[in-house]
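K.L.:
One structure coming up, written as structure tokens, with questions to follow.
The values are calculated or read from the model by the stated rules, or taken from the named source; none is laboratory data. Keep in mind it's a predicted model, so treat the numbers as computed, not measured. Quick reminder, even Gly has a Cβ in these numbers, built from the backbone with ideal geometry, and neighbours come from all protein chains shown. For the accessible areas, the whole protein counts, side chains as well, though only heavy atoms, and no ligand, DNA or RNA atoms are used. Shrake-Rupley method; radii C 1.70, N 1.55, O 1.52, S 1.80 Å.
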Amino acid sequence: MGRIAVLDYGMGNLHSVASALDKVAPEAEVVLAQTPQQAQGAERLLVPGVGAIRDCMAGFVEAGFAPLLKDAIAAGTPVLGICVGMQIMMRHSEENNGIDCLDIFPQPVKFFGNDLPLAATGERLKVPHMGWNQVQQTRGHPLWAGIADGSRFYFVHSYYVPAEDNGDLAGRTDYGVPLAAAVARENIFATQFHPEKSADTGLQLLKNFVSWNGRA
């Protein structure tokens, strides 16, 4: 399983992610990398993220992680993005009056809005979307191994990637609107939910990541 670099650009839920990785892969070396140099030689990259997209993008670019990530993707290194770590890989976000992202995936990131459709309880859905939700696996992938379709994962977000059936969608859920719970392409897998906060199911996904060879 080798060396796993968790990219620290000042906005991630680093310690809970690192703790979860240590639990599922105690023999791996988990590095909290604050510079590209500290991530050199890593066999896997994990991009976490919590917070506003403007600050996240600024921190990510200033740390020098944008070329590192793109080079790792080109080299076939397995990459996992989590929450805002997924959103910064998209084309553009509506947050903070509009922010250009890394454009690794072509989808936009949209605001849920303040008037979501009525939930089953008869009340308006609250934003942020916070809590457990079922995820439909829209296609097979090694990171879904051992995880039942329809399993529940933990979400915390006010912005979302639409569930577009364009070949990148790997999992979807619904919160007033259909949204991408996971996207995947070649050696990249990214989730809107937090696997490190999703109990045994989330740990299984992280375990799958640390044994994944980057092939879909």
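K.L.:
Return the residues of segment 61-108 that are of a type in the set (A, V, I, L, M), out of contact with any Gly (no Cβ under 8 Å at 6 or more places or on another chain) and in a helix (DSSP H, G or I); say none if nothing qualifies.
P.N.:
Those that are of a type in the set (A, V, I, L, M), out of contact with any Gly (no Cβ under 8 Å at 6 or more places or on another chain) and in a helix (DSSP H, G or I): VAL61, ALA66, LEU68, LEU69, ALA72, ILE73, ALA74, ALA75.
K.L.:
Can you report the number of residues in segment 109-143 which are among the aliphatic types (A, V, I, L, M), assigned to a strand (DSSP E or B) and modelled with pLDDT of 95 or more?
P.N.:
Here the count works out to 2.
K.L.:
Next question. Is it the case that some residue within segment 53-76 is in contact with a helix residue (DSSP H, G or I) (Cβ under 9 Å, 6 or more places away or on another chain), under 14 Å from ILE4 (Cα atoms) and among the basic types (Lys, Arg)?
P.N.:
No - not one qualifying residue is present in segment 53-76.
K.L.:
Among the residues of segment 122-142, how many are open to solvent by 70 Å² or more (accessible area, probe 1.4 Å) and of a type outside the set (A, V, I, L, M, F, W, C)? Don't jump to the end; show me each part of the working.
P.N.:
Keep residues of segment 122-142 that are open to solvent by 70 Å² or more (accessible area, probe 1.4 Å), which gives 123-124, 126, 130, 132, 134, 136, 139.
Remaining after also requiring of a type outside the set (A, V, I, L, M, F, W, C): 123-124, 126, 134, 136, 139.
Residues flagged as open to solvent by 70 Å² or more (accessible area, probe 1.4 Å) and of a type outside the set (A, V, I, L, M, F, W, C) within segment 122-142 amount to 6.
K.L.:
Could you count how many residues in segment 1-39 are more than 17 Å from MET86 (Cα to Cα), without any contact (Cβ under 8 Å) to a residue 60 or more places away in the chain and part of a helix (DSSP H, G or I)?
P.N.:
Residues flagged as more than 17 Å from MET86 (Cα to Cα), without any contact (Cβ under 8 Å) to a residue 60 or more places away in the chain and part of a helix (DSSP H, G or I) within segment 1-39 amount to 7.
K.L.:
Where the second residue is open to solvent by 90 Å² or more (accessible area, probe 1.4 Å) and the first is over 12 Å from ARG44 (Cα atoms) and lies in segment 61-75, which pairs have Cβ atoms under 7 Å and are six or more apart or on separate chains?
P.N.:
Close Cβ pairs (under 7 Å, with a partner that is open to solvent by 90 Å² or more (accessible area, probe 1.4 Å)) amount to ALA63/GLN34.
K.L.:
Please enumerate the residues belonging to segment 143-184 that are of a type in the set (S, T, N, Q), over 23 Å from PRO78 (Cα atoms) and surrounded by fewer than 17 Cβ atoms within 10 Å (Cβ to Cβ).
P.N.:
Within segment 143-184, SER158 is the sole residue that qualifies.
K.L.:
Something else now. Which residue is least open to solvent (accessible area, probe 1.4 Å), if the candidates are limited to segment 35-56 and must be more than 21 Å from ASN213 (Cα to Cα) and modelled with pLDDT of 95 or more?
P.N.:
Among those residues, the one meeting the criterion is PRO36.
K.L.:
Please go through segment 42-55 and give me each residue that is touching a strand residue (DSSP E or B) at 6+ places or on another chain (Cβ under 9 Å), within 22 Å of ALA20 (Cβ to Cβ) and either free of Cβ contacts under 8 Å to residues at least 24 places away in the same chain or of a type outside the set (Lys, Arg) (or both), ordered by number.
P.N.:
ALA42, GLU43, LEU45, LEU46, VAL47, PRO48, GLY49, VAL50
K.L.:
Identify, from the list PHE189, PHE209, the residue that is open to solvent by less than 40 Å² (accessible area, probe 1.4 Å), at pLDDT 95 or above and either of a type in the set (Asp, Glu) or outside any strand (DSSP E or B) (or both).
P.N.:
Values: PHE189 fails: either of a type in the set (Asp, Glu) or outside any strand (DSSP E or B) (or both).
So the residue among PHE189, PHE209 that is open to solvent by less than 40 Å² (accessible area, probe 1.4 Å), at pLDDT 95 or above and either of a type in the set (Asp, Glu) or outside any strand (DSSP E or B) (or both) is PHE209.
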